[in-house]
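Written out below as structure tokens is the structure these notes cover.
The values are calculated or read from the model by the stated rules, or taken from the named source; none is laboratory data. Nothing here was measured: the structure is a model prediction, and the numbers come from that model. Here the Cβ is made from the backbone with ideal geometry for all residues, glycine too, and neighbour counts use every protein chain on show.
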Amino acid sequence: MARKRVSKRSSKASVFPKMQLSFINKYNALMSVSVQHDFFNSGNFPTLKIKPTNTTLELLQRNNMQFREQGGGFLLGYAESDAYSPVRDMKKPLQLSFTLELADATVYNYTDIPFEFDDTIYYFNNKALEKDETEYMNLSNERYVTGDDRLDILPPMFDHDFDEPQEAGVEVQVVNASEEVVFEQEVTEGHSNIQINLAREPEGKYTLLVDGLEEYSFYLYTALKKIFGAIDIIIDKDEIGEYSFYDADGNIVLQEYNIHFKARKVRWKYIFIENNIERQHQEHQIQDILRKNSNNAIKFLEAEEEESLDGRSVYSVWTEDPIPFKQSQLYQFKMKSKRGKNGIDWVTDLPNASPKDDLKVNSLDKDEVYSELIVYL
């Protein structure tokens, strides 16, 4: 399979304390996964629920390890003695899988990920060669989660179609996240498709290869309940690198992994509607009260008059640039206008945009969503 070049991360000192995961046993910390989200005040992602799969729960128990969800992420601990430790003395790779479920229906409004609700899943793992950069020990492909972290969901049995009929001897393989071959078959001469049967394999990430070359990866999932994402943690004593749990001498390395979601940024559009048929306000201007004339002040475009169905005056004012959603909005805007025939200065407080409100699609740019706020004057 094709490998990506990875950059070296800067060294940082970090010491894990021992974790008290139960009243009986003490465990050494093996790793942590910190799931961060720029929208929340805490910086964590509290509405994302992480659970080990049933297979992983059995593996944790068999290898004397413990899982604990904590602060928008989770910790893994392991027990050891002078005589024996399943982690330290591991003989073959161990794959631990965790599902990610959303507890907030509006998460797409305030998260910078595509508005697409198809049969895909967000997938993260600790395989260093699949990362573009390693400075932050991200489990996503890049520093922040993007739509490229999604995998198509496929059933245990499906057909793989070739672009043209194949010659005899073409070999099709499917490997799991640990790169173990779980399906292998040669194509019959002249056939343009092949049926893949993974009925005996557990849920998880798989990659289809044709003559050793990667075609695509997918996620095998059969449960009725849709999940948002999944994490695979591979513990492999033969793999040595920045994401590995072992150094060259076989000593255990404590790892701090990261998954980071950006807050969605959208432009705000204020619509000012006159309560009376006669125009009362002119020269609509919006001011950023908290930042005023500083370089960080939010800038607004000039007011534009829009058509009204009932004869009342309607004006719209857009922010010049997108504004990131925050759990606690730190903005205070006021609209200043000239009111009445005498043109007296008139000021009113403006509401802030909220991700709980429906976002709209810009008719002039279908790729842009924005927040619309209506103000009656």
Check: Under 6 Å by Cβ, and 6 or more places apart or on different chains, what pairs join a residue from the stretch 84-103 that is without any contact (Cβ under 8 Å) to a residue 40 or more places away in the chain and assigned by TED's automatic domain parsing to the domain that holds D247 with one that is buried (at least 16 other Cβ atoms within 10 Å of the Cβ) and among the polar types (S, T, N, Q)?
Finding: P86/N63; P86/N64
Next item on the list: Output the residues belonging to the stretch 28-53 that are out of contact with any Asp or Glu (no Cβ under 9 Å at 6 or more places or on another chain) and modelled with pLDDT under 90.
Entry: A29
Next item on the list: Hey, could you check the stretch 333-355 for residues that are modelled with pLDDT under 90 and part of a loop (DSSP other than H, G, I, E, B) and say which is nearest to N275 (Cα to Cα)?
Entry: G340
Next item on the list: Kindly establish whether P165 is of a type outside the set (K, R) and touching a Gly at 6+ places or on another chain (Cβ under 6 Å).
Entry: yes
Checklist line | the stretch 281-307, subset surrounded by 15 or more Cβ atoms within 10 Å (Cβ to Cβ) and touching a residue at least 60 places away in the same chain (Cβ under 8 Å), residue nearest to L373 (Cα to Cα) | finding: I286
Notebook entry, point to check: Are any residues in the stretch 321-352 of a type outside the set (A, V, I, L, M, F, W, C), under 20 Å from D288 (Cβ atoms) and free of Cβ contacts under 8 Å to residues at least 40 places away in the same chain, and if so, which ones?
Noted result: Q329, D345, T348, D349, P351, N352
Notebook entry, point to check: Among the candidates L76, L60, L96, L100, which residue alone is part of a strand (DSSP E or B), within 20 Å of P202 (Cβ to Cβ), touching a Pro at 6+ places or on another chain (Cβ under 8 Å) and among the aliphatic types (A, V, I, L, M)?
Noted result: L96
Margin query: Need the failing condition index for E278 against (1) in the same structural domain as V87 (by TED's automatic domain parsing); (2) surrounded by fewer than 19 Cβ atoms within 10 Å (Cβ to Cβ), just the number.
Written below: (1)
